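Engineer: One structure, as structure tokens, below. Some questions next.
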Amino acid sequence: MNHSARWKYLLILTTILLSIIFVMPNFYGEAPAIQIMPIKAGEKIDTSLLQSIEETLEKSGITNTGLIVENFHIKVKLQTAEDQLKAKSLIQNSLGDKYVVALNLISNSPHWLSNMGSLPMYLGLDLRGGVHFLMQVDLSKALEKTTASYLGDFRSALRKEKIGYYDATKNNDIMQIKFKSKEELSKGKNIIRDINDSFDFKEIFINDEIILKIIISEQTKKSITEFAIKQNLETINNRVNELGVAEPLIQQQGLDRIVIQLPGVQDTAKAKEILGRTATLEMRMVNEDNFNKDIFKDGNESQIPVNSEIFSDRFGADILVKKQIILTGERITNAAPGVDSQTGQSIVSITLDGKGASIFKQVTRENIGKRMALLLIEKNITEVVTAPVIKGEIGGGRVQITGMTNAQEATDIALLLRAGSLAAPMEIIEERTVGPSMGKENISRGVQSTIWGFIAIIIMMALYYMVFGVISVITLSVNLLFLVALLSALQATLTLPGLAAIALTLGMAIDSSVLINERIRDEIRNGNTPQASISKGYKMAWGTILDSNITTMIAGLALFMFGSGPIKGFAVVLVLGILTSMFSAIFVSRAIVNYIYGNKRQINKLSIGEIFKVDNN
Amino acid sequence: MEFFRVKKDIPFMKYSKISAVISTTAFILAVFFIIIRGLNLGVDFTGGTMMEVSYPKAANIDDIRQSLRDIDLEDAQVQNFGTEEDVLIRLPIREGLSIAEISEKVASTLKLSNDLMEVKRVESVGSQVGDELYEKGALAVLFVCIGIMLYLTLRFEWRFAIAAILANIHDVIIILGFFAFFQWEFNLTVLAAVLAVLGYSVNESVVVFDRVRENFRKMRKANVAEVINNAITRTMSRTIMTHLSTQTVVISMLIFGGEILHNFALALTIGILFGIYSSIMVGCPMAMWLGTNQTNLAITNPEKKKEI
């Protein structure tokens, strides 16, 4: 009755073997490395790049212990941390700013292991050090921005068709246009519908006023906000690339949040500055029709025309700028700092995309002699960087921005513009930074807790249950092996609470073995033969094991669903730990017991510790 | 070795009235402290900034306080953390100062007076995140309670489900009571521990109930109290061994786990100790008083037919 089928032994042995393969990479440690990535995402890596990297290193006598080419980046393994720092600056200098060179760590495990997909556990930020940011995206601003650009489109379309309207305004995301007559309203409505037919309209006639309300449908709002998040994600990606982080994680969380994890980043101030900068560039025309500085002095703001706003330039002078936006930073494909050959001033030259270039060409042609303002909006402060007079039509989409105070500023603004603009402003609402020494400390704390807890359990079990205790301990070790293997194979993020969960599941997993052992003792106490006791003990314990594990599983799942960050890490390990512990308690321990006792015809006594007979039944 | 050489079943249910008084008192005391003293919530929930910085030599707390006062952060709490070299700084949320700025401000100020200062850890949480955690935490607790009750109703019957969940809530409230009384910091990891206790401590009830159901089938002539007494006595050895093992690991965490895992382990310790007590002296009497008996268990037990 206590025989396991041969396939069960085979299954167990295969699982153990596989687990060992997946656990192995965790023991090889890591080597310092540098990672080289092209700034433009998706750019392929060719052999000439590889060669130039190798040559650069060779020239300065740095030996690399391996070049690894992956889809979009190259990793160079080095011998020491000093070499790593030296190599980083050398390669960055030789490759120029088209590539990002970042510090990284590579597992020392042999190639055949990594080729099999066997990697060390993926450590969370609290174990490897780094920064975690949670950013809140202000989607209402994205809606407002889109509404503003729609309104601009309507204005020019209505003007083009010569339809009379008094006033086109917006309030948050509702636009309203006042028309001169009902006919013009219905004509105007059709024109607007031609531009975009996803609006809802509302006609209001009060006090001789003929008003058309244009309401953006929920569906459109949704797509606008979705697009805004996507654009922000992309922008952050670009900015993080500029920072040079080896394995960043950038992810949307919920509707309007973005998680950014930057492993190994020490300079949090710099990271925050680059991520937090919400600079956008806007090009608008200067309102020169009725520009009289004195009118707009403080307290007289009601004099500002409704279609215009007032901003200061770099020297503090006020400039009246039209509200209509000609172009925004989204149309910029590249921006580079430079020096104006004639004046020697620092400049930023920008390149516009196709649509941007054609708009720019048209606007400059139509407005020769007028002034165009370039506005930089940073941290909610709008500043007119420069407002040059348009001297002639500018085609080709190449624009030079003057008015930079020095070369450093030109570089900063170029970086900002190149890294893209944000569709909606963002704010850091959560920051978690863990220093590198702290990460190492946390690993050793978690590992120590697990090891000492484990040793204590071994002693207790062996003393109390003798041979069956040893079997329980072997089962528990196999369980630990499975759990670590599963965590490595799934590349689930291991955090400090996750390490605590490993320790905790060990303590909880022993419950299954205890239940089995106690049941077997019970059966012997009831006068059953050793063989029958084993068989019945396992059978009776199974239901209880299942019940108690499922209730813990419910708690684990809740933690997973509602938890975030480190707590999720705890939940993952807890849930996986329950699964592995059930497998090992049922299959593995039974197989060992059957292997030891199953073939013996006659057993007089099981070594399961002393059993005290009860005489009340 | 055998811990429990009991000849007769221990008459646990005889003491159920006393234990009810004890449990109720403990429960009310816990609620009292939670209301009067409140939980010492960590920045995870309240929002704010927590920084752990470390100096090569023993840190001068007064100097740190002074330099923070100089940059108008007089509401900063500064204290040693674990060792003399490590310092924990807490700052509430400030109007007009974003959470990203506040930690940089503190770090750069402290660096000025001592270049060797190292920032080991920063946790900065905005108020909206804290509020959400509150909400999510409560939802998680609710989800676990409902999930466990549903499962137990399916596997056993509703009387057991209610008894087990009451025993569980008793444990959780007492953990919170301890945290309120001693003003230990209640953060996200502690919440995880509380939820783990919810799942873990119900195990105890499940094991006993399992035995109770089995006993109803075997001990035809015994009354409900006797059946329960026997079930508890017979599972006693397992209870002690299992909890001893888990507790050993948790003690190991208390010793080696450092400051971050300290309160997590504390919550688990209280949860484990009271979990044993409550599943025996809260869950079982509760199931008894709710009217659990042979008939209502037999109906819900399909295995019974096979054995007759």
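The values are calculated or read from the model by the stated rules, or taken from the named source; none is laboratory data. These figures come from a predicted structure and were not determined experimentally. Every residue, glycine as well, gets a Cβ built from its backbone with ideal geometry; the counts of neighbours run over all protein chains shown. Heavy atoms of the whole protein, side chains included, go into the accessibility calculation; ligands, DNA and RNA do not. Shrake-Rupley method; radii C 1.70, N 1.55, O 1.52, S 1.80 Å.
Engineer: Rule-of-thumb check for chain A: C-alpha Rg over 2.2 N^0.38 Å? Please report the intermediate quantities before stating the final value.
Structural biologist: Numbers: Rg = 34.4 Å, N = 617, 2.2 N^0.38 = 25.3 Å.
That ratio works out to 1.36.
Engineer: Using only Cα atoms, find the angle between the long axis of helix A:47-59 and the longest principal axis of chain A, and express it within 0 to 90 degrees, rounded to the nearest 10.
Structural biologist: On a 0 to 90 degree scale, this one is about 80.
Engineer: Could you state the angle between the C-alpha long axis of helix B:224-256 and the longest principal axis of the C-alpha atoms of chain B, as a value from 0 to 90 degrees rounded to the nearest 10?
Structural biologist: The answer is roughly 20 degrees.
Engineer: Along region B:274-280, what does the Karplus equation 6.51 cos²θ - 1.76 cosθ + 1.60 (θ = phi - 60°) give for ³J(HN,Hα), rounded to whole Hz, x for Gly and Pro?
Structural biologist: Computed from phi, the couplings for region B:274-280 are 6, x, 4, 4, 6, 5, 8 Hz.
Engineer: Which longest uninterrupted range of chain A lacks any GluC sites (Glu not before Pro) assigned by DSSP to a loop state (not H, G, I, E or B) and surrounded by at most 10 other Cβ atoms within 10 Å?
Structural biologist: Within chain A, the longest run free of exposed GluC sites (Glu not before Pro) spans A:71-609.
Engineer: Compute, for region A:1-128, the length of the dipole vector about the Cα centre, with Cβ point charges of +1 (Lys, Arg) and -1 (Asp, Glu) only. Units Debye, rounded to 20. Could you put the intermediate results ahead of the total?
Structural biologist: Numbers: 11 positive and 11 negative charges, 93 e Å.
Result for region A:1-128 is approximately 440 debye, rounded to the nearest 20.
Engineer: Other chains' Cβ within 10 Å of B:202-209 residues: what's the mean?
Structural biologist: For this peptide, the per-residue mean of nearby foreign Cβ atoms is 6.
Engineer: Positive end of the dipole of chain A, charges at C-beta (+1 Lys, Arg; -1 Asp, Glu), about the Cα centre: which of A:32, A:473, A:149 has its Cα farthest in that direction?
Structural biologist: Going by the Cα projections, it comes out as A:473.
Engineer: Once phi is turned into ³J(HN,Hα) by the Karplus curve 6.51 cos²θ - 1.76 cosθ + 1.60 with θ = phi - 60°, what whole-Hz value does each residue of region A:320-330 show in order, with x for glycine and proline?
Structural biologist: 3J(HN,Hα) across region A:320-330, in whole Hz: 8, 10, 5, 6, 5, 8, 7, 9, 10, x, 4.
Engineer: Then there is this: Given Cβ point charges of +1 (Lys, Arg) and -1 (Asp, Glu) and nothing else, what value in debye, to the nearest 20, does the dipole of region A:104-174 about its Cα centre take?
Structural biologist: Working: 8 positive and 7 negative charges, 61 e Å.
Roughly 300 debye, rounded to the nearest 20.
Engineer: Nearest 20 debye, what's the magnitude of the dipole of chain A about its Cα centre given +1 on Lys and Arg Cβ and -1 on Asp and Glu Cβ?
Structural biologist: Working: 64 positive and 62 negative charges, 343 e Å.
Rounded to the nearest 20 debye, it is 1640 debye.
Engineer: Next question, about the same structure. Helix-only estimate, please: 222 nm mean residue ellipticity of chain A, summing -39500 (n - 2.57) across DSSP H runs of length 4 or more and dividing by its residues, to the nearest 500.
Structural biologist: Working: 16 runs with 296 residues, N = 617.
It lands at -16500 deg cm²/dmol.
Engineer: Here are some pairs, A:440/B:105; A:141/B:136; A:98/B:111; A:202/A:323; A:222/A:323; A:230/A:323; which of them have Cα atoms lying more than 29 Å apart in this structure?
Structural biologist: A:98/B:111
Engineer: With a 1.4 Å probe and all protein chains left in place, how much accessible area per residue does chain B have, in Å²?
Structural biologist: 43
Engineer: Related question: Mean separation of Cα pairs under 8 Å and 6+ residues apart, divided by the residue count of region B:10-148: what relative contact order is that in percent?
Structural biologist: Values: 158 pairs, mean separation 44.1, N = 139.
RCO, region B:10-148: 32 percent.
Engineer: Next up: Got a number for carbon plus sulfur as a percent of region B:31-137's accessible area, 1.4 Å probe?
Structural biologist: Working: 2660 of 5360 Å².
On region B:31-137, the fraction of accessible area on carbon and sulfur atoms equals 50 percent.
Engineer: Another question about this same structure. With contacts defined as alpha carbon pairs under 8 Å and 6 or more residues apart, what's the relative contact order of region A:1-134 in percent? Could the numbers behind the result be given before it?
Structural biologist: Numbers: 158 pairs, mean separation 47.5, N = 134.
Here the relative contact order equals 35 percent.
Engineer: Related question: Using a 1.4 Å probe and counting only protein heavy atoms, how much accessible surface gets buried when A and B come together, both sides summed, in Å² to the nearest 100? Walk me through the numbers on the way to the answer.
Structural biologist: Values: alone 32350 and 16500 Å², together 42380 Å².
Summing both sides, the interface buries roughly 6500 Å².
Engineer: Sticking with this one: Determine, for each peptide in B:151-159, A:581-589, A:399-407, the mean count of other beta carbons within 10 angstrom over its residues, then list the peptides with the highest first. Intermediate values should be presented prior to the final figure.
Structural biologist: Numbers: B:151-159: 19.1, A:581-589: 22.2, A:399-407: 16.7.
Packing order, densest peptide first, comes out as A:581-589, B:151-159, A:399-407.
Engineer: Follow-up question, since we're still on this one. Taking the solvent-accessible surface of protein heavy atoms with a 1.4 Å probe, what is the per residue accessible area of region A:80-238 in Å²? Please report the intermediate quantities before stating the final value.
Structural biologist: Numbers: 8470 Å² over 159 residues.
Result: 53 Å² per residue.
Engineer: A further question on this structure: Can you tell me the orientation of helix B:16-36 relative to chain B, as the angle in degrees between its alpha-carbon axis and the longest Cα principal axis, to the nearest 10?
Structural biologist: 20
Engineer: Heavy atoms only, probe 1.4 Å: what % of the accessible area of region A:45-120 goes to carbon and sulfur, would you let me know?
Structural biologist: Accessible surface attributable to carbon and sulfur in region A:45-120 totals 52 percent.
Engineer: Just going by the charge dipole of region B:186-308, with Lys and Arg at +1 and Asp and Glu at -1 on Cβ, which of B:199, B:294, B:237 is farthest out on the positive end?
Structural biologist: The Cα lying farthest towards the positive end belongs to B:294.
Engineer: Given B:183, A:133, B:89, which one lies farthest toward the positive end of the charge dipole of the protein assembly as shown, if we put +1 on the Cβ of every Lys and Arg and -1 on the Cβ of every Asp and Glu?
Structural biologist: Positive-most Cα among the choices belongs to B:183.
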